[in-house]
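Reviewing the structure listed below.
The values are calculated or read from the model by the stated rules, or taken from the named source; none is laboratory data. What you see is a predicted model, and the numbers here were worked out from it, not measured in a lab. Don't worry about glycine lacking a Cβ; one is built from the backbone with ideal geometry, like all the others, and counts go over all protein chains shown. Quick note on the areas: whole protein, heavy atoms, side chains included, nothing else; ligands and nucleic acids left out. Shrake-Rupley method; radii C 1.70, N 1.55, O 1.52, S 1.80 Å.
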Amino acid sequence: MTESQDRPPGTEWAHRLEELDREIARMALLCRVRILDPHALDRVLRNDPSVCETQNPIAFAKLHGLLMVHLALWKQSADVLSGAEKAQIEAH
């Protein structure tokens, strides 16, 4: 049995999202985007680089892509996880 098969349901999704979140945080730091500001998140998702306090087109492109992947994974997890499991991941 592999390690991912030994994990409780939802743990693999939480792990994937956590890894993405770490990389999103790194790119946000490089771009100096206040990622916890909901308006900043919206602007990044709309591919608006003016949200950055410093110019770093490569990091911004990666940040935008990672956020898109995060949203796609979160939507995918809705098909697999129960509401309680998703709530637990969000709380974490």
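Residue by residue, here is whether (1) out of contact with any Leu (no Cβ under 9 Å at 6 or more places or on another chain); (2) modelled with pLDDT of 80 or more; (3) open to solvent by less than 90 Å² (accessible area, probe 1.4 Å); (4) outside any helix (DSSP H, G or I) holds:
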{"residue": "Ser4", "(1), (2), (3), (4)": "yes, no, yes, no"}
{"residue": "Leu17", "(1), (2), (3), (4)": "no, yes, yes, no"}
{"residue": "Lys62", "(1), (2), (3), (4)": "no, yes, no, no"}
{"residue": "Glu90", "(1), (2), (3), (4)": "yes, no, no, no"}
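I'd like the full set of residues that are in a loop (DSSP other than H, G, I, E, B) and of a type in the set (Val, Ile, Thr), limited to region 32-51.
Val33, Ile35
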